[in-house]
Amino acid sequence: MEDDVIIDSVQSFFKQDYPRELYDVIVISDQMREDTIARLKGITAMVTQISDPMSTKIYALQKAIEYIEDKKLSYDMAVVLDADNVVNPHFLEKINDAFYSGCLAIQTHRVAKNRDTNTAVLDAVSEEINNSIFRKGHTRLGFSSGLSGSGMAFEYDLFKKIIQGIDEIGEDKHMERKLLLQNIYIEYLEDVYTYDEKVRGKKEFYNQRRRWLATQFSNLFSGISQLPGAMLSGKWDYCDKLFQWMMPPRVLLLGFVILIACFLTVINIFLSIKWWGLLLFIGITFSLAVPDYLVDRQFKRAIISLPILFFLMFLNLFRLRGGSKKFIHTKHSAKHENSH
């Protein structure tokens, strides 16, 4: 499933302005074609294969650690990228600088590399809102950045430690919990980009968000018992993360506020005033969080898809069971369209 994009992604990574002998690229092959594996090895990538049809991303990362240990390889840092991710030539150099300045966990600036459908456009906007509020905004206030699931870098021994014992999807949220419980700060590198392919179709959006929503609530319910202890011990990053996970997804938040405001306007206009005020506040907040380059004709056309996405997210609320156990692969095919 990743065969269509992995070669281009790996080739782009080998264009780093960083000594080639100082880094390795390890590809975890999940049922890739033999010709793809041969081509990867031909461009000097290391390949370790897994064949479990029910494998998850965290399972693949754990197998990569086993591969590294078996080969007796030694690294200072581990960088996690998805098969479709593309990075700029200065990517490793910037991460190396951050590592030697004392950063143990790093999230780069993940942006969309495709905006070819209405769903992809709105997904790109959602990603940048997350970057503005939960990464850039949080680090400016002294809190840890959130993790995105790819474009992440960790001190190697720390990475090896935190991925052990995770057996569910949504590895970024599980890793966040472990890091923040140890008071390990997650840095955000705004000027280091990771280009990530966004979902194109509504079915892919529905499946992806179901998985994310199930993982969010699973981590919230399993971590909420540690909130009092975290507050008493001053682990404010962890407390902040739990409060984040209590928030509904943005499209649901926006949709429900609009529906309640409209309903109360019909019933009692005075009761609706605070809801219209809340809607105005949310609208201003989201508008400030969206970078100018995304506000174009594509975005204005894509807004008409919001009611459909709201309905799909609403349906997901009733299908959370099992969503954090089963990983649903997303088809990839996009070339790198974006640039910064």
Inset, instruction - Please state which one of Ile58, Ile106, Ile95 is within 20 Å of Ser148 (Cα to Cα), crowded, with 19+ Cβ neighbours inside 10 Å, modelled with pLDDT under 95 and under 24 Å from the mean Cα position of the chain (by Cα). - result: Ile58
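Determine whether Lys161 is within 23 Å of Ser218 (Cβ to Cβ), surrounded by fewer than 18 Cβ atoms within 10 Å (Cβ to Cβ) and basic (Lys, Arg). Quick ask: steps written out before the conclusion?
On the way: within 23 Å of Ser218 (Cβ to Cβ): yes; surrounded by fewer than 18 Cβ atoms within 10 Å (Cβ to Cβ): yes; basic (Lys, Arg): yes.
Yes, satisfied.
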Inset, instruction - Any chance you could count how many residues in segment 175-233 are assigned to a loop (DSSP other than H, G, I, E, B) and either touching a residue at least 12 places away in the same chain (Cβ under 8 Å) or among the aliphatic types (A, V, I, L, M) (or both)? - result: 8
Legend entry - Test for Ile282: is it β-branched (Val, Ile, Thr) and farther than 30 Å from Asn219 by Cβ: no
Legend entry - Enumeration of residues in segment 132-154 that are in contact (Cβ under 8 Å) with a residue 60 or more places away in the chain, under 19 Å from Val87 (Cβ atoms) and not aliphatic (A, V, I, L, M): Gly149, Ser150, Gly151, Phe154
Inset, instruction - Go through the residues of segment 162-172 one by one and say whether even a single one is acidic (Asp, Glu), more than 15 Å from the chain's Cα centre (by Cα) and outside any loop (DSSP other than H, G, I, E, B). - result: no
Legend entry - helices (runs of 4 or more DSSP H) completely within segment 1-120 that count 2 or more residues being touching a residue at least 40 places away in the same chain (Cβ under 8 Å): 3-13, 57-70, 91-100
Inset, instruction - Look through segment 6-16, keep the residues that are among the β-branched types (Val, Ile, Thr) and touching a strand residue (DSSP E or B) at 6+ places or on another chain (Cβ under 9 Å), and return whichever of them is farthest from Gln49 (Cα to Cα). - result: Val10
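Quick check on my filter: what residues within segment 304-326 are modelled with pLDDT of 80 or more and either within 23 Å of Glu171 (Cβ to Cβ) or surrounded by 13 or more Cβ atoms within 10 Å (Cβ to Cβ) (or both)? Break it down stepwise before answering.
From segment 304-326, those modelled with pLDDT of 80 or more are 304-318; that's our starting set.
Correct list: Ser305, Leu306, Ile308, Leu309, Phe310, Phe311, Leu312, Met313, Phe314, Asn316, Leu317.
Every residue, every condition in (1) surrounded by fewer than 14 Cβ atoms within 10 Å (Cβ to Cβ); (2) at pLDDT below 90; (3) not charged (D, E, K, R), yes or no:
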{"site": "Cys239", "(1), (2), (3)": "no, no, yes"}
{"site": "Gly277", "(1), (2), (3)": "yes, no, yes"}
{"site": "Ile284", "(1), (2), (3)": "yes, no, yes"}
{"site": "Tyr293", "(1), (2), (3)": "yes, no, yes"}
{"site": "Ile328", "(1), (2), (3)": "yes, yes, yes"}
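Looking at segment 183-198, which of its residues are surrounded by fewer than 21 Cβ atoms within 10 Å (Cβ to Cβ) and of a type outside the set (Asp, Glu)?
Hits for segment 183-198 are Asn183, Ile184, Tyr185.
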Legend entry - Filter result for Ser101 (at pLDDT 95 or above and loosely packed, with under 15 Cβ neighbours inside 10 Å): yes
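The values are calculated or read from the model by the stated rules, or taken from the named source; none is laboratory data. In this text the structure is predicted, and so the values were computed from the model without any measurement. For neighbour counting, all protein chains shown are included, and Cβ atoms are generated from backbone atoms with ideal geometry for every residue, glycine included.
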